[in-house]
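Some notes on the structure that comes next.
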Amino acid sequence: MTEDDVDRIDRNRRHFLTVATVVTGVVGAGFAAIPFLASLKPSARAQALGAPVEVPLGSIEPGEMVRVLWRGRLVFVLRRDEDMLARLPETISELRDPNSEVIDQQPDYAANDTRSVRPEWLIVEGSCTHLGCAPLEDFEPRLVEGWGGGFFCPCHGSKFDLAGRVYKGVPAPTNLRVPPHRFVRDDLILIGQDTGAA
Ligand code: FES
């Protein structure tokens with residue numbers, strides 16, 4: 001491993017720690033501030049062990065993304081704007097699995113063109129399907145380079161589009177995973193639970 005590789009991995013770890021700190025404010029103030037499960041309040045303990053996580057959507061602007069933790073996993077909640085959605089078809093020829101044919105990577109209700117229940121909202125795990133680093137967002141398109149915006153993994157260079165679909169020719173073998181989720185209301189989702197048809 002070269003010094004550049006080590007530096008990239010360190011930067012990615014720092015990014016994840018920063019992200020995890022931000023996220024705990026979203027999902028519950030007591031969640032990460034307390035180090036041991038035994039010391040958690042019952043609701044926080046259930047959450048740490050895998051209970052579904054509610055995510056309010058009302059304050060997320062089009063084009064913005066928040067990060068939450070579910071079962072100790074980072075999850076991206078991206079509100080795609082119209083321009084982002086319009087870009088999805090433009091890089092399909094660059095993608096390894098544009099039609100979400102690897103069935104383990106999403107529930108059936110997200111095996112569609114936008115990999116979502118509602119096109120505006122992308123919910124994907126923030127874990128690169130190569131070796132699990134946290135991808136970074138890079139939403140600005142550079143279509144001359146075949147890049148319509150999406151996520152870039154700093155560890156070994158895997159790339160994913162704005163639906164979490166993996167590009168060809170990178171180490172990651174599959175699309176980012178869509179966790180089970182459902183809309184409780186228009187402005188509230190529950191990650192970690194669905195109805196089978198969301
Ligand atoms: S962990 Fe993402 S490319 Fe290797």
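We did not get these values from a lab; they are worked out from the coordinates using the rules stated. Predicted model only: the values in this text are computed from it and were never measured. Reconstructed Cβ throughout: ideal geometry from the backbone, glycine too, with neighbour counts over all protein chains shown.
Going by C-beta contacts inside 10 Å, put R142, R79, R115, R182 in order with the fewest on the left.
R142, R79, R182, R115
Considering only the other residues whose Cβ falls under 9 Å of the Cβ of E125, what net charge follows from Lys and Arg at +1 and Asp and Glu at -1?
+2
Search the structure for amide H atoms under 5 Å from the amide H of C133, placed 1.01 Å from N in the peptide plane, and list their residues when 5 or more places away or on another chain.
Residues meeting the criterion, in which the H sits 1.01 Å from N, are C128.
Extension gain D187-D83, at 0.36 nm per residue separation less the Cα-Cα distance, in nm?
35.3 nm
Run the simple label-point estimate for H156 and S93 please: 7 Å along Cα→C-beta, distance reported in nm.
2.8 nm
Could you give each residue of the stretch 66-75 its phi-based ³J(HN,Hα) in whole Hz, using Karplus coefficients 6.51, -1.76, 1.60 with θ = phi - 60°, and x for Gly or Pro?
In residue order, the calculated couplings are 10, 10, 10, 10, 9, 6, x, 9, 6, 10 Hz.
Roughly how many Å is it from the Cα centre of the stretch 166-197 to that of the stretch 64-135, as a whole number?
6 Å
Give me E101, E61 ranked fewest to most by other Cβ atoms within 10 Å of their Cβ, as a rough exposure proxy.
Arranged by neighbour count, lowest to highest, E101, E61 become E61, E101.
Sort K168, K159 by Cβ crowding within 10 Å, fewest neighbours at the top.
So the ranking, lowest neighbour count to highest, is K168, K159.
When Lys and Arg each count +1 and Asp and Glu each count -1, what net charge do the other residues less than 10 Å away from P62, Cβ to Cβ, add up to?
Surrounding charge for P62 is -4.
I'd like the chymotrypsin sites (Phe, Trp or Tyr not before Pro) in the stretch 141-188 restricted to DSSP loop residues with at most 14 other Cβ atoms within 10 Å, sorted by number.
none
Once amide H atoms are built 1.01 Å from N in the peptide plane, which residues 5 or more positions from W70, or in another chain, come under 5 Å H to H?
V75
Let me check I've understood the local charge: for R96, count other residues with C-beta under 11 angstrom from its C-beta, Lys and Arg +1, Asp and Glu -1. What total comes out?
-1
With each label point set 7 Å from Cα along the Cα-Cβ vector, what nm distance links T195 and R71?
2.2 nm
Going by amide H atoms built from the backbone, whose H comes under 5 Å of the H on V124, apart from near neighbours?
F76, L78
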